[in-house]
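*Asks:* Would you mind keeping the following structure in view while I ask a few things?
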Amino acid sequence: MMDQLPREHFPAACTVFGIDEPGDSAYAIESGSVEVLAGPDQQRVAILGVGELFGEVALLDHLPRTATVRTLEPTTLVRIERQHVNELLKRSDPVIRHLLELLLQRFRSKHREHPDEGSAMAGSDDRTCALRTLALTRDLAHALDFDQLELYYQPLISFSRRNLVGFEALVRWRHPTLGMIMPLEFIGLAERTGLIHKLGAWVLQRAVADWAGLRQHCQPDGGLPPFVSVNLSADELGDLSIVDRIRQLLNSHAMRPHELKIELTETVIIEDRNSVSQVLEQLSALGIAIALDDFGTGYAGLETLKSLPISCLKIDKNFVQEIDSSLRSHEIVLTAIQLAASLGISTIAEGIEDEATFRRLDAMGCDVAQGYYFARPMPAAAVAGWLKQSIHEGKCAAAAG
């Protein structure tokens, strides 16, 4: 059976790498300790323990190792691949990259007789953050390769009949040792390291594959067909090839295009407007619905509605949760619903946490409800039990006929 995490385990007195070897990786010490040996007589110059990093300079400047590193006891290491670090650097500010190159050159010229291993000078907070990022990058790549992610579904309820009309697909990562990693952290990490394409492909594939089972619980509601929503990032929607990949995926699972909804934020549109616009137009032409998420929080909402094939507005939960306490939030929500209705666009209100808010939004004319009042995101296998309980409690309506 494969290890749950991509770790390298070394016995005591084992050489991790030697002087003059290619520096194609760095290592973080998860348990145990190592000694660093440098110079022609391989004298010990440092002992490194849990939480420390070594091999980083050779990794960054692509030059040979300047020291040998050997374990002092049984040791577990997180291997940090050059590929992932290069992706992080590629997405960083060019000034930072240039300064890093200069620092590496100066370090090499001043310390040719000393090792580069374990030489980072960052403060403890920065070091902790950096080590967590590097370890999670490695672990996320492993999780994608070995299907360790989970897809949860949050139900979407029609206001008109309280019937289940669909789900939003939400990715979850239950790390074997760190527990649940919040999407805000690992999705941002995936974007910075280039793993977002692989992650997005996994989410789409799983959501489409799960849809046949999920659809049987849904009921059409007037002109609104059952659907599952999937969030896509700027990197994914900026890649024109995604249209063909989605088309093939739908065909392979016999899923109707109008039962898939793609969600995006204004930030996604702004980052690469030309490419994103092309992709959205092509997806819309296939019959796929496009939802603008977090409506009301951006700066170009009206321009976006005018120029892109948006078919649904998702009203941000911060406004929804303040409709009784803030006149401005109330008016923003009401205006958004009325605007959408005038444009023939459906609306989803996020963040509904009580019956009173549901009734208020129903009176305003909103189409679909989403929030903890009905359900938290759940595995597909839990949907049937949740629906039965919700019908019993009167929160959802039973299927007609």
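The rows are residues; the columns are (1) open to solvent by less than 10 Å² (accessible area, probe 1.4 Å); (2) assigned to a loop (DSSP other than H, G, I, E, B); (3) not hydroxyl-bearing (S, T, Y).
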{"site": "A291", "(1), (2), (3)": "yes, no, yes"}
{"site": "R328", "(1), (2), (3)": "no, no, yes"}
{"site": "L361", "(1), (2), (3)": "yes, no, yes"}
{"site": "R376", "(1), (2), (3)": "no, yes, yes"}
{"site": "G385", "(1), (2), (3)": "no, no, yes"}
{"site": "Q389", "(1), (2), (3)": "no, no, yes"}
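*Asks:* Which residues, counting only those in the stretch 1-50, are open to solvent by 80 Å² or more (accessible area, probe 1.4 Å) and of a type in the set (K, R)?
*Replies:* Matches in the stretch 1-50: R44 only.
*Asks:* Go through the stretch 168-204 and give me each residue that's surrounded by fewer than 15 Cβ atoms within 10 Å (Cβ to Cβ) and acidic (D, E).
*Replies:* Answer for the stretch 168-204, where residues must be surrounded by fewer than 15 Cβ atoms within 10 Å (Cβ to Cβ) and acidic (D, E): just E185.
*Asks:* Of the residues in the stretch 51-67, how many are surrounded by 21 or more Cβ atoms within 10 Å (Cβ to Cβ) and under 13 Å from V34 (Cβ atoms)?
*Replies:* Matching residues across the stretch 51-67 total 4.
*Asks:* Still on this model: Does the stretch 166-184 contain at least one residue that is assigned to a helix (DSSP H, G or I) and under 19 Å from M378 (Cα atoms)?
*Replies:* yes
*Asks:* Cβ contacts < 8 Å: first residue modelled with pLDDT of 95 or more, restricted to the stretch 378-393; second residue acidic (D, E) and not in a helix (DSSP H, G or I), any location; separation 6+ or different chain. Result?
*Replies:* P379/E150
*Asks:* Find the residue count for the stretch 155-184, including only residues that are farther than 15 Å from L5 by Cα and in contact (Cβ under 8 Å) with a residue 24 or more places away in the chain.
*Replies:* 18
*Asks:* Has the stretch 59-70 got at least one residue that is under 26 Å from D145 (Cβ atoms) and in contact with a Pro (Cβ under 7 Å, 6 or more places away or on another chain)?
*Replies:* no
*Asks:* Now a separate question. What about I348, is it modelled with pLDDT of 95 or more and assigned to a strand (DSSP E or B)?
*Replies:* Yes.
*Asks:* Taking the stretch 314-326 on its own, how many of its residues are open to solvent by less than 80 Å² (accessible area, probe 1.4 Å) and farther than 13 Å from I352 by Cβ?
*Replies:* Counting residues in the stretch 314-326 that are open to solvent by less than 80 Å² (accessible area, probe 1.4 Å) and farther than 13 Å from I352 by Cβ gives 1.
*Asks:* Restricting to the stretch 245-283, name every residue that is among the polar types (S, T, N, Q) and within 17 Å of V228 (Cβ to Cβ).
*Replies:* Passing the criteria: N251, S252.
*Asks:* Suppose we keep only residues that are in contact (Cβ under 8 Å) with a residue 24 or more places away in the chain and out of contact with any helix residue (DSSP H, G or I) (no Cβ under 8 Å at 6 or more places or on another chain) within the stretch 340-365. Which one would you say is farthest from L280 (Cα to Cα)?
*Replies:* That would be A356.
*Asks:* Moving on to the next point. Within the stretch 205-231, which residues are of a type in the set (A, V, I, L, M) and open to solvent by less than 10 Å² (accessible area, probe 1.4 Å)?
*Replies:* Those that are of a type in the set (A, V, I, L, M) and open to solvent by less than 10 Å² (accessible area, probe 1.4 Å): A207, V208, L214, V228, V230.
The values are calculated or read from the model by the stated rules, or taken from the named source; none is laboratory data. This is a predicted model, so every value here is computed, not measured. Counting neighbours? That spans all protein chains shown, and the Cβs are built from the backbone with ideal geometry, glycine included. For the accessible areas, the whole protein counts, side chains as well, though only heavy atoms, and no ligand, DNA or RNA atoms are used. Shrake-Rupley method; radii C 1.70, N 1.55, O 1.52, S 1.80 Å.
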